[in-house]
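The values are calculated or read from the model by the stated rules, or taken from the named source; none is laboratory data. Computed from a predicted structure; not experimentally measured. Here the Cβ is made from the backbone with ideal geometry for all residues, glycine too, and neighbour counts use every protein chain on show. Surface areas here come from the heavy atoms of the whole protein model, side chains and all, with no ligands, DNA or RNA. Shrake-Rupley method; radii C 1.70, N 1.55, O 1.52, S 1.80 Å.
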Amino acid sequence: QVQLVESGGGLVQPGGSLRLSCAASGSIFSINAMGWYRQVPGKQRELVARIMPGNVANYADSVKGRFTISRDNGKNTVYLQMNSLKPEDTAVYYCLVDYNRGDYAWGQGTQVTVSS
């Protein structure tokens, strides 16, 4: 069984920064993609950023140039550095990890609120 523990959410003013972390533990032999998604009430969960082995990353257009995804393979952890935050970035952020060639797990979600 694999568990993901997220941290780093909170309340921040527009223009501010936050850094999210997601650490995976359990029966993990290999990790493929790691990603961050977000969801607001009444809307579908959407991809924010994803990073592959070798650090190839892709981003939603709405966050390009402001967010940076990274990973520490030794710690089975993925990060999301969020800068220049906007009110429309307010959402619950979830990490997703693809592991062991076909399995995947979601984090519990962390609330990010951007408001003055």
ask   = Which residues, counting only those in segment 100-116, are touching a residue at least 60 places away in the same chain (Cβ under 8 Å) and either part of a strand (DSSP E or B) or closer than 20 Å to Phe29 by Cβ (or both)?
value = Asn100, Arg101, Asp103, Ala105, Trp106, Gly107, Thr110, Gln111, Val112, Thr113, Val114
All positions within segment 49-91 that are in a loop (DSSP other than H, G, I, E, B) and at negative phi = Met52, Pro53, Val56, Ala60, Lys64, Arg66, Asn83, Leu85, Lys86, Thr90
ask   = Quick check: anything in segment 46-66 in contact (Cβ under 8 Å) with a residue 40 or more places away in the chain and polar (S, T, N, Q)?
value = no
query = Which strands (runs of 3 or more DSSP E) does segment 1-48 wholly contain that include 1 or more residues that are open to solvent by 60 Å² or more (accessible area, probe 1.4 Å), farther than 14 Å from Val112 by Cβ and hydrophobic (A, V, I, L, M, F, W, C)?
reply = 2-7
request  = Can you give me the number of residues within segment 51-67 that are open to solvent by 50 Å² or more (accessible area, probe 1.4 Å) and either in contact with a Cys (Cβ under 7 Å, 6 or more places away or on another chain) or over 17 Å from Asn83 (Cα atoms) (or both)?
outcome  = 5
request  = Being over 14 Å from the mean Cα position of the chain (by Cα) and without any contact (Cβ under 8 Å) to a residue 24 or more places away in the chain is the filter here, so list the residues in segment 67-99 that pass it.
outcome  = Gly74
request  = Those residues that are open to solvent by less than 60 Å² (accessible area, probe 1.4 Å), over 14 Å from Pro14 (Cα atoms) and not polar (S, T, N, Q), I need them from segment 68-90; list them, please.
outcome  = Ile69, Arg71, Asp72, Val78, Tyr79, Leu80
